[in-house]
Amino acid sequence: MNKDSKKYYAILSALLFFFFFTWSSSFSLVSIWLNQYVGLKATDTGLIFSAISLIALCAQPLYGFIQDKLGLRKNLLLVIAVLLILSGPFFLGFASILRWNIFVGSILGGLYVGMTFNAGIGVLESYTERVSRIRGFEYGRARMWGSLGWASATFIAGHNINIDPNYNFAMASISGVVFLIFLALLKTDKSDAFNQLEHGKTSAITIKDALNLLSLPRFWALILFVIGTCVYGVYDQQFPVFFSSQFATLQQGNEMYGYLNSLQVFLEAGGMFIAPFLVNRIGAKNGLLLASSVMATRIIGSGLVEGPVLISCMKLLHAVELPILLISIFKYNSQHFDKRLSSTLYLVGFQCVSSIVATLLSPLAGYGYDHYGFAPTYMVMGCIVIGTTLLSAVFLRSDAKALLPFDGLQHEDKNKAQPI
């Protein structure tokens with residue numbers, strides 16, 4: 001990397017670090033907080049997660065299209081920065097609202113968390129991936145710092161929650177302020193000019209260009225894959241409650257989960273550094289299939305094994321799965337779709353579908369935990385992932401097909417996309 005590329009890499013890495021630090025501080029142990037401090041049952045917690053996913057579902061396509069129109073301008077990221085700073089005050093009042101009315105609380109929680117974190121991360125990740133292509137560094141090496149941010153915050157949060165959960169919420173707002181400072185340091189005028197030179201003017205993108213994705217069979221093949229893989233988000237939602245129950249006291253379980261989650265995400269950060277080499281070697285499609293296979297093993301394994309040690313081993317497989325998945329999904333999209341629509345593709349084709357599945361499955365998962373237990377519910381989730389993985393092996397496009405001309409959306413010139 002040249003001097004300019006190193007500067008972009010450093011600032012974007014810092015943005016990812018503090019975004020994830022804020023997210024983890026306020027939300028990584030939220031299911032424990034809702035269960036032990038607010039007093040909600042698993043079904044009620046599932047309702048809240050469903051509302052979050054539903055709001056994110058509405059925000060993600062909008063965020064994606066807006067960011068593709070903006071190119072590398074920072075307007076939307078500035079809005080997200082303000083929302084990050086407000087995370088502490090929001091969660092300080094969230095418990096009282098939930099105790100007053102679970103439905104009103106779920107809607108408000110869905111609005112804030114869905115628009116800030118679940119949709120906001122897609123904007124930051126796709127923005128970083130676009131700059132990495134222009135500036136010549138691997139996206140995974142920048143995203144690694146996001147994992148380190150999450151791990152660092154979770155390590156502290158697991159200790160704080162037994163003292164006073166409000167310490168975590170205060171920590172989240174402070175991190176949001178630091179995010180805003182680094183965002184102010186990010187200068188993107190030259191990179192945006194390079195982006196338009198390579199892919200055409202982002203302002204020329206129309207809603208029709210985005211909707212054209214719906215006519216492509218390969219887009220729906222990608223959706224099928226994502227339907228299975230996003231089950232991991234539903235699995236993770238109330239896993240802290242399951243893990244904490246394996247210990248003599250809930251306080252000990254809370255603290256141990258904080259340490260486990262930190263270890264997992266530190267390992268995940270190392271995986272982000274290594275994953276680009278692996279995916280470049282085996283190809284994007286094979287990377288996607290490998291990630292979903294590891295995911296199925298992790299979820300089913302959690303339902304089969306017993307005791308905190310073996311359950312921890314299953315959870316740590318996430319550190320293998322997620323880096324391969326994220327690197328592969330961006331490489332797959334850049335090979336098979338219009339690069340100008342990278343944010344829309346990621347936020348709709350990956351994040352938005354994840355929100356749809358989470359909206360539908362979160363209440364059902366919560367019901368399953370309450371009435372059948374965690375292990376049987378995990379077995380059902382794992383079987384869903386196995387099924388979509390097998391189908392995706394047939395329907396996803398191989399890397400070789402990315403080289404075929406006259407396929408899908410091509411560019412007759414730099415400013416206009418049309419099917420050939």
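Of note:
- Only helices (runs of 4 or more DSSP H) whose full extent lies in the range 1-86 are considered here, and the ones with at least 3 residues that are open to solvent by 10 Å² or more (accessible area, probe 1.4 Å) and in contact with a Lys or Arg (Cβ under 9 Å, 6 or more places away or on another chain) are 3-27.
- If you go through the range 98-137 and keep only what is within 18 Å of ALA51 (Cβ to Cβ) and touching an Asp or Glu at 6+ places or on another chain (Cβ under 7 Å), you end up with just ILE102.
- Pairs with Cβ under 8 Å, 6+ apart, first in the range 101-113 and farther than 19 Å from ALA172 by Cβ, second among the hydroxyl-bearing types (Ser, Thr, Tyr) and assigned to a helix (DSSP H, G or I): SER106/SER50
- Unique residue being of a type in the set (A, V, I, L, M), touching a helix residue (DSSP H, G or I) at 6+ places or on another chain (Cβ under 9 Å) and either closer than 23 Å to SER106 by Cα or at pLDDT 75 or above (or both) when the list is ALA375, ALA402: ALA375
The values are calculated or read from the model by the stated rules, or taken from the named source; none is laboratory data. On a predicted model such as this, the values are computed, not experimentally measured, just so you know. Reconstructed Cβ throughout: ideal geometry from the backbone, glycine too, with neighbour counts over all protein chains shown. SASA here: full protein model, heavy atoms, side chains in, ligands and nucleic acids out. Shrake-Rupley method; radii C 1.70, N 1.55, O 1.52, S 1.80 Å.
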